[in-house]
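The structure under discussion appears below in the form of structure tokens.
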Amino acid sequence: MNFLDELYLEKKMAGTSTGTQWLTGKSKKQLSAVSPVDGETFAHITKATINNYEQVIEQANQAFSAWRSVPAPARGEIVRQIGLRLRDFKLPLGTLISYETGKSLQEGLGEVQEVIDVCDYCVGQSRMLYGMTTVSERPNHRLFEQYHPLGLVAIITAFNFPMAVWGWNAMLAAICGNVSIWKPSSKAPVSAIALQKIIARVLDQNNLPEGIFSLIIGDRGLVGEKILEDKRIPLVSFTGSVSAGRTAAQKVGQRLGRTILELGGNNGIIITEYADLKLAVPAVVFGAVGTSGQRCTTTRRLFIHESCFDAVKDHLYKAYASLKVGNPLLEANHMGPLIDKNGVKAYQKAVTAIVKQGGTILFGGNVLKGPEYASQCYVEPTLAEVEHDFPIVREETFAPILYLIKYSGTVENAITMHNAVDQGLSSAIFSTNQNQIEAFLCARGSDCGIANVNIGTSGAEIGGAFGGEKDTGGGRECGSDAWKSYMRRQTVTINYGSDLPLAQGIRFALED
């Protein structure tokens with residue numbers, strides 16, 4: 001595996017870094033990196049100790065004292081250099097993502113490109129950290145708002161996007177003057193180490209202090225809990241399951257810290273009688289099977305008008321029959337494995353529930369067996385015809401299962417069914433009827449943070465703020481004005497006159 005050598009990765013590596021320095025201490029706990037592609041253990045990582053954690057926090061605090069005083073455009077220059085370095089390593093990084101997580105090579109390369117694009121975006125944003133000036137009700141007074149960095153930002157990421165989610169958070173945090181502490185998923189630790197090694201070169205070349213970008217790999221019960229409870233970390237960005245997100249929000253909230261939560265998505269697409277199926281079908285298939293159904297924006301529920309239900313079902317069956325499942329590093333394959341055997345068990349459990357609750361498996365539903373599926377993590381992409389209110393349909397199963405649901409009447413009926421779940425991340429409608437489109441986009445329409453028209457639920461651009469409502473957590477990352485989440489807001493009033501008028505006309509006079 002040449003890509004590991006190209007990224008300067010070794011068989012045994014430390015899992016904690018303060019930037020350019022790697023910490024091991026006396027830790028004897030190891031994390032084994034196992035690829036779902038072939039079941040091979042390709043690296044061993046030393047887990048962080050509590051002493052490692054304290055070293056990371058101490059270095060981060062010291063770095064923040066200096067980094068916050070660096071002009072924002074100069075911070076943007078460091079981010080620009082990181083983006084340039086990532087361009088040099090795009091192919092081996094994308095290959096590593098594919099091998100470690102099982103997503104297709106094209107998706108792995110796309111994820112690296114997303115971090116590069118975020119770097120470019122943040123370079124420009126570093127010159128646009130705008131405040132607001134407004135009018136004062138008092139004479140000879142100026143009233144305005146400005147933004148200052150928060151301090152330490154902890155970034156807890158999931159396995160399905162082992163680099164991109166870090167990029168969304170860390171690059172914005174950096175241009176805002178913060179320092180970041182990254183705890184990646186234990187299911188994708190090597191991608192994080194590879195990225196940290198590349199960043200370290202930029203830090204070293206610019207003689208920057210340790211602690212601006214830190215990495216800490218360790219147990220949830222040790223490192224994860226410490227981060228959530230640590231008052232020295234004012235902001236925690238958490239990406240993961242709804243249940244884990246609730247725990248994170250409660251623990252951080254108890255200490256009145258801030259959270260950015262990116263949690264579950266049970267995303268739906270509405271196909272109306274006015275849909276262009278040439279657009280809809282490919283979008284649905286990619287949304288449902290991309291990353292083996294393990295994206296938070298994966299298409300899981302498909303609401304199809306009764307007039308075109310049979311046609312859509314037929315198109316999807318033919319498309320699914322043509323899909324190739326196998327080694328994701330081979331370009332001919334459309335879908336790779338699930339992340340691990342626990343993911344396979346969740347898939348099997350969902351398939352069983354579909355049938356038990358009265359649904360019909362139209363395609364797939366099986367675990368794949370054979371020499372080419374030696375890791376035992378490969379499953380068939382699955383189509384199921386169900387009712388919208390089946391309990392299993394209301395859950396998020398992180399697997400390539402697409403629910404086909406027939407609706408009749410107006411698009412409002414489909415919207416009502418679409419909104420009847422606890423999650424609210426991404427949504428889409430396929431229609432050429434402007435009235436239907438506006439109904440989907442209005443205040444009575446989709447209740448999700450992302451609403452798309454004639455494109456699928458997956459593959460958001462970096463320019464828009466990413467995040468969702470309800471059980472998805474309400475967080476926003478990346479584009480638009482999401483940078484404000486990484487800063488503290490300050491309202492400033494300046495009196496440049498010789499009198500001291502009070503607001504609201506209050507009179508308070510002292511005797512001479």
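The values are calculated or read from the model by the stated rules, or taken from the named source; none is laboratory data. What you see is a predicted model, and the numbers here were worked out from it, not measured in a lab. No Cβ is skipped: glycine too gets one built from the backbone with ideal geometry, and neighbour counts run over all protein chains shown. Ligands, DNA and RNA are excluded from the accessible area calculation, which covers all protein heavy atoms including side chains. Shrake-Rupley method; radii C 1.70, N 1.55, O 1.52, S 1.80 Å.
Can you tell me the length gained on complete extension of the stretch Ala503 to Gln146, counting 0.36 nm per residue apart and subtracting the Cα distance?
Taking Ala503 through Gln146 to full extension adds about 126.5 nm, to one decimal.
Relative contact order of region 301-458: what whole-number percent is it, with Cα pairs under 8 angstrom and at least 6 residues apart?
Value for region 301-458: 21 percent.
Quickly rank 207-213, 310-316 as a protection proxy: mean count of other C-beta atoms within 10 Å, highest first.
Packing order, densest peptide first, comes out as 207-213, 310-316.
Given the Cα atoms of region 182-228, and with Rh set as the inverse mean 1/r over their pairs in the Kirkwood sense, what is Rg to Rh to two decimals?
1.04
In region 159-278, if the dipole is taken from +1 on Lys/Arg beta carbons and -1 on Asp/Glu beta carbons about the Cα centre, which of Thr259, Asn160, Gly224 is farthest to the positive end?
Comparing the listed Cα positions along the dipole, Gly224 ranks first.
Starting from the Kirkwood radius over alpha-carbon pairs of region 394-488, derive D by Stokes-Einstein at 10 °C in a medium of 1.306 mPa s and give it in µm² s⁻¹.
For these conditions, the coefficient is 108 µm²/s.
Identify the residues of region 297-320 with backbone N under 19 Å of a label point that sits 7 angstrom from the Cα of Leu362 along the Cα-to-Cβ direction, or state none.
Answer for region 297-320: 298-320.
Over the chain, with every protein chain in place, what whole percent of the accessible area is carbon and sulfur at 1.4 Å, could you tell me?
Reported share for carbon and sulfur atoms: 50 percent.
Hey, can you grab everything whose amide H is under 5 Å from the amide H of Arg476? Only 5+ residues off in sequence or another chain; H modelled, so Pro and N-termini drop out.
So Arg476 has HN proximity to Leu261.
Given contacts defined as C-alpha pairs under 8 Å and at least six residues apart, what's the relative contact order of region 398-512, whole-number percent?
19 percent
Any idea what the relative contact order of the chain is, in percent, if you count C-alpha pairs under 8 Å spaced at least 6 apart?
This gives 17 percent for the chain.
Over the Cα atoms of region 41-92, what Rg and Dmax result, in angstrom?
Gyration radius and largest Cα-Cα distance of region 41-92: 16.1, 44 Å.
Taking H as built 1.01 Å from N, whose amide H comes closer than 5 Å to the amide H of Trp182, not counting residues under 5 places away?
The answer is Ile155, Ser214, Leu215, Ile216.
Measure of size requested: the Rg and Dmax of region 156-276, with Cα atoms as the atom set and Å as the unit; please supply both.
Spelled out, the Cα radius of gyration and Dmax of region 156-276 are 16.8, 61 Å.
Note down the magnitude of the dipole of the chain about its Cα centre, charges +1 on Lys and Arg C-beta and -1 on Asp and Glu C-beta and zero elsewhere, to the nearest 20 debye.
That gives a dipole near 1200 debye.
Quick one: grab the alpha carbon gyration tensor of region 89-171, order the square roots of its eigenvalues as a ≥ b ≥ c, and give me rounded if a/c is under 1.5, else prolate or oblate depending on whether a/b is larger than b/c.
prolate
How much of the pair distance distribution for the chain lies past 42 Å, counting alpha-carbon pairs only, in percent?
23 percent
Can you list the residues, at least 5 places off or on another chain, whose amide H is less than 5 Å from the amide H of Tyr274, using H built in the peptide plane?
The answer is Thr432.
Show me the ranking of peptides 155-165, 398-408 by mean Cβ neighbours inside 10 Å, starting with the highest.
Result, highest mean Cβ count within 10 Å first: 155-165, 398-408.
Need one number: % antiparallel among DSSP beta bridges in the chain, to the nearest 5.
Rounded to the nearest five, the antiparallel share is 40 percent.
What does the C-alpha gyration tensor say about the overall shape of region 105-226? Classify as rounded when a/c is under 1.5, otherwise prolate if a/b is larger than b/c, or oblate.
Prolate, because a/c is 1.5 or more and a/b exceeds b/c.
Average projected area of the Cα convex hull of region 140-203, in nm²?
Average of the hull's projected areas for region 140-203 equals 5.6 nm².
Determine the dipole magnitude for region 284-337: charges of +1 sit on the beta-carbon of Lys and Arg, -1 on that of Asp and Glu, nothing else is charged, the reference point is the Cα centre, and the result goes in debye to the nearest 20.
Here region 284-337 has a charge dipole of around 180 debye.
How charged is the neighbourhood of Gln504? Take every other residue with its Cβ under 13 Å from the Cβ of Gln504, and add Lys/Arg as +1 and Asp/Glu as -1.
So the surrounding residues net to +1.
Taking a ≥ b ≥ c as the square roots of the eigenvalues of the Cα gyration tensor of region 1-100, is the shape rounded (a/c under 1.5), prolate (a/b larger than b/c) or oblate?
It comes out oblate by the Cα gyration axes.
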